[in-house]
1. Against the definition (of a type in the set (Val, Ile, Thr), out of contact with any Leu (no Cβ under 9 Å at 6 or more places or on another chain) and either buried (at least 19 other Cβ atoms within 10 Å of the Cβ) or over 25 Å from residue 215 (Cα atoms) (or both)), how does residue 71 come out, yes or no?
2. Is it the case that residue 106 is under 21 Å from residue 205 (Cα atoms) and either over 25 Å from the mean Cα position of the chain (by Cα) or open to solvent by less than 60 Å² (accessible area, probe 1.4 Å) (or both)?
3. Using beta carbons and a limit of 6 Å, which pairs, at least six apart or on different chains, have the first residue in segment 204-218 and charged (D, E, K, R) and the second one outside any helix (DSSP H, G or I) and crowded, with 18+ Cβ neighbours inside 10 Å?
4. If a residue has to be under 18 Å from residue 201 (Cα atoms) and part of a helix (DSSP H, G or I) to count, how many in segment 18-52 make the cut?
5. Do we have residue 11 as of a type outside the set (D, E, K, R), open to solvent by less than 30 Å² (accessible area, probe 1.4 Å), farther than 23 Å from residue 113 by Cβ and in a loop (DSSP other than H, G, I, E, B) here?
6. Which condition breaks for residue 153 when tested against (1) more than 18 Å from residue 15 (Cβ to Cβ); (2) in contact with a Leu (Cβ under 8 Å, 6 or more places away or on another chain); (3) surrounded by fewer than 22 Cβ atoms within 10 Å (Cβ to Cβ)?
7. Considering each of 292, 367, 333 in turn, give the residue that is out of contact with any Cys (no Cβ under 7 Å at 6 or more places or on another chain) and within 21 Å of residue 210 (Cα to Cα).
8. For segment 293-344, what are the residues that are part of a helix (DSSP H, G or I), open to solvent by 40 Å² or more (accessible area, probe 1.4 Å) and touching a helix residue (DSSP H, G or I) at 6+ places or on another chain (Cβ under 8 Å)?
Amino acid sequence: MTTPVVLVAGLHRSARVAVVHRLLAAHPGAVAVHHDLREVASGRVERTVRDVSGVLERAEVRLAHGCVTCTVREDLLPELIRRASTAPLLVVDLWDAVEPRAVAEALDTEEAADVLRLTCVATALHAAHLPVDIARGERLSETAHGTAGDRRHLAEVLARQAEYATALVLDGGDEEDHDLSRALLAHLAPATPVFASGLPEVTGPALHVPTLAERVDPATAVLPCDARDGEVTTVVWHRLRPLHPGRLFTALDDLVTESVRSRGRFWLATRPDRLLGWDAVAGGMAVEDAGPWLAALPEAAWDLVSPARRAAAALDWTDPLGDRVQHLVFVGPDLERDRIHALLDACLLTPEETVAGSSAWARYDDPFAPLLPS
C-alpha cells in the first residue's frame, strides 16, 4: 500500500501556507514537509515538518551540492519514505520559487515506487496578486522569492507553476479578484480545475509523471484556443509556411511585449527539421530546440516516440510538410488579433522565397544561431 503525496507549489507564500493548512485539516494525521531554500547555494537548508497542530520537527540539512534536485534526492525523498508508514497523506510544501516539475520528476524513482504515489500537483495562487505578478518583469534574485544568482523571472516561474499543475487553488482577495484570476487561468491553463472554497482530491490514483511533462512540452502541449473573456484575450496564430529568421528576430520585441504570456511551437527556414519551442512571459523570451519534427525522422523511429507525440503530430499533419507548423498562442488584456497576425505574417517567407527551397533558405543569416544548438 503506497502513501499519497501531494505537491503544493506557489510563489504566493501566504496562499500556499493557507492551502497546505487546509489540506492538513482535511486529512487527520497528514504531515507537511517544507525546505527553506534561502541558503541552498551554500549547501545549507532548513527542513520543517508540521501537522495541523503546528511544527513537529525542525532540522538543518547540509548538502554536498546546493540545488533543488539535490535537496529532493538527498533529503526530501528519504524523509517522505521515512514518514510514509505513519501518515495517511504527505504534503510537500515547496519553497516559493521551486517549479513543481523538477520535484515531481525527482520523486519518480524506483526507490519510491513501492512506498509513495504522487496524486496531485497543486499550485496555490493569491487571487489579488496573480493578475499583477504574471506581468512583472523582475528577476527572482531581485525579489523576496528568489535566492542570490537566480536569473529566472518571477512571472516566468509563476506561469510554469500554474501551467504544470493538475489543480489550481485560489486564496485571498475579494470576489472581483477571484473573477479576474479565474478568467486569466482559463486562458493560461484552460484544462486545469480551479478551486476556491474547496480542495482537489489528493488520495486517488498515482499520476503518470511523463504525461505531466507532455502537457507542457512544446511538441505535445495542447495549446489554448482563440478566446475572449472579459478583459482577457487569447490569440492563436497557425500557419504552414516557414518563418524567415531575420525578420522574426527583428519582430521579437514587438511580439513579446504585445502580450503577457505567449508560447507554442514553430519552425525557421534555416532549421527545417527542428521543432522550436517559444516561451515568453512578461517581456522575457526563451527559444529552445525541442528536437526533430516527426516528419524529419525515418518511419522506423516513430515507434520510439510517445503516443502523445504521435497524436500531436497527426493533428498538425499536412502533405508534404508533415507536422511542421507555426502554432503560437498569445494571452493578455484586450489583445489586437489583427495586429499580432500582421506582425507574424510579415515574418513568413514570401511565396517566391518559399518556392526557392531549402538550399536557398540555408544561406539566410540566422540571428537565432547563438541561442540554439547547431
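The values are calculated or read from the model by the stated rules, or taken from the named source; none is laboratory data. Worth saying up front: this structure is predicted, and the values here are computed from it rather than measured. Every residue, glycine as well, gets a Cβ built from its backbone with ideal geometry; the counts of neighbours run over all protein chains shown. Quick note on the areas: whole protein, heavy atoms, side chains included, nothing else; ligands and nucleic acids left out. Shrake-Rupley method; radii C 1.70, N 1.55, O 1.52, S 1.80 Å.
1. No, not satisfied.
2. It is true that residue 106 is under 21 Å from residue 205 (Cα atoms) and either over 25 Å from the mean Cα position of the chain (by Cα) or open to solvent by less than 60 Å² (accessible area, probe 1.4 Å) (or both).
3. As it stands, the answer is 214/220, since those pairs meet every condition given.
4. Residues flagged as under 18 Å from residue 201 (Cα atoms) and part of a helix (DSSP H, G or I) within segment 18-52 amount to 9.
5. Yes, satisfied.
6. So residue 153 meets the others, but not (3).
7. One residue alone meets the criteria, 292.
8. Listed by number, the residues that qualify are 302, 310, 339.
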